[in-house]
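Okay, structure first, notes after.
The values are calculated or read from the model by the stated rules, or taken from the named source; none is laboratory data. Predicted, not measured: the structure shown is a model, and the values here were computed from it. Cβ atoms come from the backbone with ideal geometry, glycine included; neighbour counts cover every protein chain shown. What goes into the accessible areas is simple: the full protein's heavy atoms, side chains included, and nothing from ligands, DNA or RNA. Shrake-Rupley method; radii C 1.70, N 1.55, O 1.52, S 1.80 Å.
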Amino acid sequence: MTGLIPVNTQYSEVFWRSTVAMQILSPTGERIAVSENAADITPAMLEALKQNQHFSATEDITMNLHQIPGGYMVWQTDLSQINQALRELQRLNAELEEEQDLLAQEIRIQSDETSIQARNDIYDSLSSEVAGQLVLLTALLSNESPSTDDWNCICLIGTYIKRFCNLRLTYQEQQTIPMGDLAISLQDIAKCMKNLGIRTSLDFCPTSNLEPELILLIMKALEEILEEADFRLTSVAIQISDTVCFEITGTDREFVPRFLEGGYRLQAEKVPAGYRFLLLKEGEVGQS
């Protein structure tokens, strides 16, 4: 369409006022018609325009060329507003990335604080559950000259604390407790009881997986029996099968049945030279 415009002086005003800075050049680069704000085109720029049809005169100005009969049409594209918008977008993106980094850091800090608080809550809960044993340990360790039996009691109580807390943490994390963990815990406690001179046997042959709450109660009940007997027993027999049974001998302490947490009870039966304890769910009947 540009080729239809007669090149004469009556159209010079149109080109002079053009907002796209148009100019028409002869094949040799001579200006035939030109806009007021059109940039000068050097021979090198013209050659670049002939080869690529566009040339970046500055960061904000791009020159474009289209061949027409008898010469060339050249016009300018002002990218200053686009570039300004892009620079503003880059600035906003940088601010957004910085805010995202700060937010991510704040979330990490809050997550760490929450995790620390959760761990502290767990430790506080564990400390509460073994508070009685911690008091016993403190009392034994405060003796100026602990006896061999004192040290063996310290080892037994410490083993109980360690094993019970491990079982509790496993339950906290996995919502279950492997039967093997209970077996290992009872084996460790049995070794400590033997060091105290208590004849100890462990018959571990459960017929099915035990509930985690029952596993924890087995540990608690055994420790309570030992503490109530002041760790002075002749023998302890532990049987974990279709029932949970502890049989002790060698104590003059009197034991009575008691209710435990979770709907369980510890049934105490007097037997020759000791007691037989059954850990039962409410409604279950123990066999004598």
**OP:** Kindly provide log₁₀ I(q)/I(0) values, in the same order as q = 0.07, 0.15 Å⁻¹, from the Debye equation applied to equal alpha-carbon scatterers of the chain.
**Re:** -0.49, -1.10
**OP:** Report in % the part of the accessible area of segment 213-277 that belongs to carbon and sulfur, leaving out ligands and nucleic acids; probe 1.4 Å.
**Re:** 51 percent
Subject >> Förster radius 22 Å - calculated FRET efficiency between ASN209 and GLU261, Cβ distance, rounded to 0.05 >> reply: 0.65
Original post:
How would you rank 131-144, 186-199, highest first, on the average number of other Cβ atoms within 10 Å across their residues?
Top reply: 186-199, 131-144
Subject >> Qualifying lysines (Cα of each under 23 Å from Cα of LYS270; at least 8 residues distant if same chain) >> reply: LYS220, LYS281
Subject >> segment 181-288 shape via C-alpha gyration tensor axes, a/c threshold 1.5 >> reply: oblate
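Can you tell me the FRET efficiency between GLU30 and GLU95 if r is taken as the Cβ-Cβ distance and R0 is 41 Å, rounded to the nearest 0.05?
Details: r = 50 Å, r/R0 = 1.23.
In this case the efficiency is close to 0.25.
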**OP:** Using label points projected 7 Å from each Cα along Cα→Cβ, tell me how many nm separate SER127 and SER145, to one decimal.
**Re:** 3.4 nm
Subject >> Within-12-Å neighbourhood charge of ALA94 [Cβ basis; K, R +1; D, E -1] >> reply: -4
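What percentage of all Cα-Cα pairs in segment 149-237 are separated by more than 18 Å?
Numbers: 1629 of 3916 pairs.
That fraction is 42 percent.
Relative contact order (percent) for the chain, with alpha-carbon contacts under 8 angstrom and 6 or more residues of separation? Intermediate results must be reported in sequence, preceding the final value.
Details: 342 pairs, mean separation 23.8, N = 288.
This gives 8 percent for the chain.
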